[in-house]
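A.B. asks: One structure follows; several queries about it will come next.
The values are calculated or read from the model by the stated rules, or taken from the named source; none is laboratory data. The structure presented is a predicted model; accordingly, all values stated were derived computationally and were not measured. Reconstructed Cβ throughout: ideal geometry from the backbone, glycine too, with neighbour counts over all protein chains shown.
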Amino acid sequence: MIKRALSYFFGTATAIVLTLWSSTSGFAQDPAKGEQLFTNNCASCHNVGEQKLIGPGLKDVDKRHDEAWLIKWIKNPAGMVASGDEAATKLYDQYKPIMMTAFGSLSDDDIKSILAYVKEKNSAPAAPAAGTAVAGGGGGAAQGDGEQSSGFFGIVLVALLVVMILMLVALFGILTVLNRLATVDPSSPEAQKIPFFARLKESTGKLGNSPAFRTGALLLFVLLAGKATVDGMYGIGIHQGFAPKQPIAFSHKLHAGEYKIDCNYCHTGVNKGKQANIPSPNICMNCHNAIKGSSPEIQKIYRAIEKDQPIEWIRVHNLPDLAYFNHSQHVNVGGLQCQQCHGEVEKMEVIEQRSTLTMGWCIDCHRKTSVNSKDNHYYDKLVEIHKKDGVKDMKVADIGGLECSKCHY
């Protein structure tokens, strides 16, 4: 009991001492928390490296200024300039008329965590340089993908090999039994020891020699082969589930999901014309001239702009040339949401084709979808006519949505 009490006492005392020490010696610094705070508060103006954005790069900021000065500056930069602080005045003169935003809501520990994150980020080993080709992926990423693919391919080969060995063993056993039956007279005493196999051989021989059985087996084979051929032909040109690796790892889950950026901001043509438009690098730079500029993926955008080259995105949703589709007709006039055709894009890390985009899929939608005629005087006469005919809910099919010339002309 005494040992347990002493152990408990010393353990508690040690925990208290460590807690007090951490609060006074910087132990409360949390780089992970600092990364989140930096992203939410600092990333729009500062880069963790040497690159200058709106404000200076933060590499070695702890060497340029001591920690106490940085805490005061971050909490109240205007106050420090007004007080005549030499370092604060010099910094303001360098970047004026822009004055750094005051972050009085951040605690000392929050600021220490941000500084710890910046220091950790700059002390980490440098990432492999990204490839120079705009449309190509980075060498490190390609190598990692190759290693994963190679490992998966090896597992599949081993599994197939095991299955083939088991099939060979089973076939060898069947052949052994059949060879034995072929040399045995069903009426002999030896055959009586294996009556089941003897009867099986006799009945199988009769069944195989039956014309009706042969005709039925042949017909069944032709039907199955025909169905497989027709199913395969129907699948030509359908790319449901297609999710190619893009030249830049753009995450719709992050931009449209977490940050809730409107699809129309990037895909500017969706309300105006036939095409939704793939955003140009200039649209990306509206945000990324200040946000995460040091990211290897964002650097690919910088290189594309410097070389005046387009980013070679791989098209995911593609209709055949014989079909006409207009985005503005469906989104602007029809009031459809992007998710109705493209799936829950805001949850996709890698964009993929969720719908079949076949003619049957389009026609089925036209049969089920009601026309959005509210506050649209174009449909007033049509709605009036349909109400006279007793049709309360006017579908797209009722206004010519199933006519061939609507999509093929």
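A.B. asks: Using beta carbons and a limit of 9 Å, which pairs, at least six apart or on different chains, have the first residue in region 231-242 and within 12 Å of GLN353 (Cβ to Cβ) and the second one among the β-branched types (Val, Ile, Thr) and loosely packed, with under 12 Cβ neighbours inside 10 Å?
C.D. replies: Sorted first by the residue in region 231-242, then by its partner, the list stays empty.
A.B. asks: On the basis of being within 22 Å of GLN29 (Cβ to Cβ) and either surrounded by 15 or more Cβ atoms within 10 Å (Cβ to Cβ) or in contact (Cβ under 8 Å) with a residue 24 or more places away in the chain (or both), does ASP110 make the cut?
C.D. replies: So ASP110 fits the description; yes.
A.B. asks: So, in region 53-67, of the ones that are without any contact (Cβ under 8 Å) to a residue 40 or more places away in the chain and assigned to a helix (DSSP H, G or I), which residue ends up surrounded by the most Cβ atoms within 10 Å (Cβ to Cβ)?
C.D. replies: The selected residue is ARG64.
A.B. asks: Condition (residue is touching a helix residue (DSSP H, G or I) at 6+ places or on another chain (Cβ under 6 Å) and among the charged types (D, E, K, R)) applied to region 350-365: is it met by at least one residue?
C.D. replies: No: zero hits.
A.B. asks: Let me ask something additional. Among GLU50, GLU86, which is exposed (fewer than 13 other Cβ atoms within 10 Å of the Cβ) and in contact with a Lys or Arg (Cβ under 6 Å, 6 or more places away or on another chain)? Explain how you work it out, then say what you get.
C.D. replies: Details: GLU86 fails: in contact with a Lys or Arg (Cβ under 6 Å, 6 or more places away or on another chain).
Going through GLU50, GLU86 in turn, just one is exposed (fewer than 13 other Cβ atoms within 10 Å of the Cβ) and in contact with a Lys or Arg (Cβ under 6 Å, 6 or more places away or on another chain): GLU50.
A.B. asks: In region 320-339, which residue that is in a helix (DSSP H, G or I) and without any contact (Cβ under 8 Å) to a residue 12 or more places away in the chain is nearest to TYR265 (Cα to Cα)? Spell out how you get there, then give the answer.
C.D. replies: Start the filter on region 320-339 by keeping residues that are in a helix (DSSP H, G or I), which leaves 327-333, 339.
Those left that are additionally without any contact (Cβ under 8 Å) to a residue 12 or more places away in the chain: 329-330, 339.
Working: GLN329: 18, HIS330: 18, GLN339: 16 Å.
Applying the filter and picking the extreme gives GLN339.
Yes or no, residue by residue, for (1) of a type outside the set (Gly, Ala, Ser); (2) surrounded by 10 or more Cβ atoms within 10 Å (Cβ to Cβ); (3) closer than 30 Å to HIS342 by Cβ; (4) modelled with pLDDT of 65 or more:
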position	(1), (2), (3), (4)
ALA182	no, no, no, no
ALA198	no, yes, no, no
THR204	yes, yes, no, no
MET233	yes, no, yes, yes
GLY257	no, yes, yes, yes
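A.B. asks: Looking only at region 68-83, count how many residues are touching a residue at least 24 places away in the same chain (Cβ under 8 Å) and either loosely packed, with under 14 Cβ neighbours inside 10 Å or not assigned by TED's automatic domain parsing to the domain that holds ASN41 (or both). Give the derivation first.
C.D. replies: Let us first name the residues in region 68-83 that are touching a residue at least 24 places away in the same chain (Cβ under 8 Å), namely 70-71, 73-78.
Next cut, either loosely packed, with under 14 Cβ neighbours inside 10 Å or not assigned by TED's automatic domain parsing to the domain that holds ASN41 (or both) only: 78.
Within region 68-83, residues that are touching a residue at least 24 places away in the same chain (Cβ under 8 Å) and either loosely packed, with under 14 Cβ neighbours inside 10 Å or not assigned by TED's automatic domain parsing to the domain that holds ASN41 (or both) number 1.
Rundown of residues vs (1) of a type in the set (Val, Ile, Thr); (2) surrounded by fewer than 13 Cβ atoms within 10 Å (Cβ to Cβ); (3) more than 24 Å from the chain's Cα centre (by Cα), yes/no style:
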residue	(1), (2), (3)
SER328	no, no, yes
GLN353	no, no, no
ILE363	yes, no, yes
LYS392	no, yes, yes
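A.B. asks: Which of the residues spanning region 383-398 are touching a helix residue (DSSP H, G or I) at 6+ places or on another chain (Cβ under 6 Å) and of a type outside the set (Gly, Ala, Ser)?
C.D. replies: MET394, VAL396
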